[in-house]
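This report concerns only the one structure given below.
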Amino acid sequence: MNAVVDYTAANHIAFIPWFPLASGPDKMKEKIDRIAQDHQATTAQIALVWLLRRSPNILLIPGTGSPAHLQENMAAVQIELSEEEFELLSK
């Protein structure tokens with residue numbers, strides 16, 4: 001995904017991710033689960049935070065099934081990933 005995001009950003013093309021991070025291999029699940037626990041957040045919130053930081057051309061359309069889920073998604077912007085966490089998820 002990184003090469004595609006970099007290409008679209010360089011060419012001023014919007015990128016809409018579909019099921020980011022959560023669809024990766026099991027070792028990605030372990031990484032994101034650990035980071036989510038460290039932040040007392042959900043894995044979906046960590047994925048949103050990572051995407052918001054990854055590139056300005058990413059357009060997020062998170063699924064929202066209820067007002068509570070909408071609040072959870074919106075609360076993600078208050079989470080700050082460390083440089084180490086961001087890099088770990090970017091690999």
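Tabulated values for the structure
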read-out	value
Filter result for Arg34 (basic (Lys, Arg) and farther than 30 Å from Asn11 by Cα)	yes
Odd one out for Ile58 among (1) modelled with pLDDT of 90 or more; (2) exposed (fewer than 12 other Cβ atoms within 10 Å of the Cβ)	(2)
Given (1) modelled with pLDDT under 90; (2) on the phi > 0 side of the Ramachandran plot, index of the condition Pro25 fails	(2)
Close pairs (9 angstrom Cβ cut-off, 6 or more residues apart or separate chains): basic (Lys, Arg) in the stretch 40-53, part of a helix (DSSP H, G or I) anywhere	Arg53/Phe86
Residues within the stretch 46-75 that are of a type outside the set (D, E, K, R), in a helix (DSSP H, G or I), more than 28 Å from Asn11 (Cα to Cα) and touching a helix residue (DSSP H, G or I) at 6+ places or on another chain (Cβ under 8 Å), tallied	2
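The values are calculated or read from the model by the stated rules, or taken from the named source; none is laboratory data. Bear in mind the structure is a predicted one, so any value in this text is a computation, not a measurement. No Cβ is skipped: glycine too gets one built from the backbone with ideal geometry, and neighbour counts run over all protein chains shown.
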